[in-house]
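S.K.: Here it is, the structure in full.
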Amino acid sequence: MSAAVDDAYRHYAKVGRFAGLREAGGAALKLYHLTTSDAPVPDDVARLCDDWFGGKADAAVEPGDCGFVLLHRCGADFYFLLVSVWRGSNELWEAVWYRHGEMPAFAPFDPAYPDAAGAVRPTFCVWELGIVAHEALAWGRYLASPRDAAALAAWRADIFSGTV
């Protein structure tokens, strides 16, 4: 049995950078940019992300949610906006948005899956999982805390920054 990796694939590092804490739709969300070190998120795409927080976040989050958003630059002009919130105490829920080329805004990403019930589908890539792992540990620390205002402030300050 061989691994499901294309022979031509060459892995490289990306950088996760905390881009700020956002309050949207009554939720507290940590925003991260995930890019190669030589191709950061352009200002116009960052503005479209800000627009998403201002106008579309309500479709993905609920008041009281805590979570994180990954703005992942995939190549030259494709971006995922991965919205992850903690619900059911210890479950990570996700909504996926995207922008490709000259799209004027981020749109919901819902790839068609024939016979989708029970089918495997993409979740996170290896780069995204570096930030997800940090956030899972941060949420675990919060869950094990008194879960008071100080613990919530500590969770908000518990951020990732580095190479994945």
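S.K.: Considering only the stretch 1-24, how many residues are outside any strand (DSSP E or B) and either free of Cβ contacts under 8 Å to residues at least 60 places away in the same chain or surrounded by 15 or more Cβ atoms within 10 Å (Cβ to Cβ) (or both)?
M.R.: Summing the residues that are outside any strand (DSSP E or B) and either free of Cβ contacts under 8 Å to residues at least 60 places away in the same chain or surrounded by 15 or more Cβ atoms within 10 Å (Cβ to Cβ) (or both) in the stretch 1-24 gives 12.
S.K.: For the stretch 62-86, give me each residue that is farther than 20 Å from Gly20 by Cα and surrounded by fewer than 14 Cβ atoms within 10 Å (Cβ to Cβ).
M.R.: If the condition is that a residue be farther than 20 Å from Gly20 by Cα and surrounded by fewer than 14 Cβ atoms within 10 Å (Cβ to Cβ), then Gly75, Ala76, Asp77, Phe78 are the ones that fit.
S.K.: If you don't mind, another one. Search the stretch 137-157 for residues being outside any loop (DSSP other than H, G, I, E, B) and of a type in the set (D, E, K, R), and hand back the single one that is surrounded by the most Cβ atoms within 10 Å (Cβ to Cβ).
M.R.: Result: Arg156.
S.K.: Could you go through the stretch 25-37 and let me know if any residue there is free of Cβ contacts under 8 Å to residues at least 12 places away in the same chain, out of contact with any Asp or Glu (no Cβ under 7 Å at 6 or more places or on another chain) and not hydroxyl-bearing (Ser, Thr, Tyr).
M.R.: no
S.K.: Something else: Please pick out the residue among Pro114, Pro104 that is exposed (fewer than 12 other Cβ atoms within 10 Å of the Cβ) and at pLDDT below 95.
M.R.: Sole residue among the options that is exposed (fewer than 12 other Cβ atoms within 10 Å of the Cβ) and at pLDDT below 95: Pro114.
The values are calculated or read from the model by the stated rules, or taken from the named source; none is laboratory data. Quantities reported herein were computed from a predicted structural model and do not represent experimental measurements. No Cβ is skipped: glycine too gets one built from the backbone with ideal geometry, and neighbour counts run over all protein chains shown.
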